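Presented below is the structure to which this report refers.
Rule-based calculations on the coordinates, nothing more; no lab input. Computed from a prediction, not measured in an experiment: that's the story for all the values here. No Cβ is skipped: glycine too gets one built from the backbone with ideal geometry, and neighbour counts run over all protein chains shown.
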Amino acid sequence: MTGKQFMELVKNLTLLTQLGLSFITPLLMCVGICWWLTANTGLGGWIFIPGFFFGLGGSFSFALRIYRMVMSDGRKDDERKDRRGHGVFHNRHI
């Protein structure tokens, strides 16, 4: 494995790890807040149920945002190509 391939592997692994952490963080934060509420305020264990669903909602919101961003990038790439599949560059007068 060359240095360039290793750096590409590390880059992709870092992006994958960041994406995974971005998905799990809302759920962990909501469950952590629920744990704090039960430990410090005396609320019952029932508070974990809405906390879990709010955490899943935050993760779903992040996933939807990523999906929309990826789909809009794909449309932009399609708009930049003409019917033959060649790139259309408006700043070149050929």
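The C-alpha atoms of the stretch 26-80 occupy a region whose extents along the principal axes are 59, 14, 10 Å, arranged from largest to smallest. Relative to the Cα centre, the charge distribution of the stretch 26-80, modelled as +1 at Lys and Arg Cβ and -1 at Asp and Glu Cβ, gives a dipole magnitude of about 60 debye.
In terms of overall dimensions, the stretch 8-48 has a Cα radius of gyration and Dmax of 15.7, 50 angstrom.
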